Ligand SMILES: C[S@@+](CC[C@H](N)C(=O)[O-])C[C@H]1O[C@@H](n2cnc3c(N)ncnc32)[C@H](O)[C@@H]1O
């Protein structure tokens, strides 16, 4: 186990499928970007490296079950996730893993309320999956481009129902204040950056 203290924050480097050190009903906000399935490998360990897609979803479910336990009533979970293309060399055909729909359903099955959603347009943050090159498939004719050059991801927001018992103290509340421009920008359902 490895943990760091940074000012008032304690950071654990552990498997988030078991967050036993985090007390029940103690966390106001979870923000997470889980690994993609079958795409980027993080050292061949951890979630995303499973052989079966169903196993990947089961492991994510373990994580979000733990989040549910740790969240305070009215607490929220923001999940940055996207549908993932298959790898034709492995699966033998091109298709999308419906991760956004499946994660939404598994969150509902854990008791969360689907609260809101954001489309994050990451544009050319990584030059898109195709690095700015034209699509292959039927290029330059439209019927079958094989895959689209996806430049967005989803941010799904879920809530644990219940009444918020302890409100944030006035000093911290003041520190969290945003400008009218920021408010207008970030309350729109599409974030572009
Ligand atoms: C898409 S990346 C998110 C990276 C993160 N947003 C950042 O900026 O560093 C997914 C991360 O989840 C980590 N991960 C995979 N399985 C995990 C597990 N069981 N518990 C905790 N983290 C895990 C991976 O190592 C990887 O760093």
Inset, instruction - Please state which of the following conditions residue 76 fails to meet, knowing it meets all the rest: (1) surrounded by 11 or more Cβ atoms within 10 Å (Cβ to Cβ); (2) within 13 Å of the ligand (Cβ to nearest atom). - result: (2)
Inset, instruction - Restricting attention to segment 79-105, report how many residues are away from the ligand (no atom under 16 Å from the Cβ), surrounded by 18 or more Cβ atoms within 10 Å (Cβ to Cβ) and modelled with pLDDT of 95 or more. - result: 2
Inset, instruction - Determine the pairs where a residue that is touching a residue at least 24 places away in the same chain (Cβ under 8 Å), located within segment 11-39, has a partner that is surrounded by fewer than 16 Cβ atoms within 10 Å (Cβ to Cβ) and in a strand (DSSP E or B) with Cβ atoms under 6 Å apart, the partner being 6 or more residues away or on another chain. - result: 33/80
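Among strands (runs of 3 or more DSSP E) lying entirely in segment 2-67, which contain 3 or more residues that are over 24 Å from residue 113 (Cα atoms) and near the ligand (Cβ under 8 Å from one of its atoms)?
On the way: elements: 2-6, 9-13, 27-32.
Output list is empty.
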Legend entry - Pick from segment 111-162, criterion in contact with a helix residue (DSSP H, G or I) (Cβ under 8 Å, 6 or more places away or on another chain) and either at pLDDT below 95 or part of a strand (DSSP E or B) (or both), ranking: surrounded by the fewest Cβ atoms within 10 Å (Cβ to Cβ): 114
Inset, instruction - Give just the number: which of (1) on the phi < 0 side of the Ramachandran plot; (2) surrounded by 13 or more Cβ atoms within 10 Å (Cβ to Cβ); (3) in contact with a strand residue (DSSP E or B) (Cβ under 8 Å, 6 or more places away or on another chain) does residue 108 not satisfy? - result: (2)
Inset, instruction - Kindly check whether there is at least one residue in segment 59-67 that is modelled with pLDDT under 85 and surrounded by 14 or more Cβ atoms within 10 Å (Cβ to Cβ). - result: no
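The values are calculated or read from the model by the stated rules, or taken from the named source; none is laboratory data. Because the structure is a prediction, the values reported are computed rather than measured. Quick reminder, even Gly has a Cβ in these numbers, built from the backbone with ideal geometry, and neighbours come from all protein chains shown.
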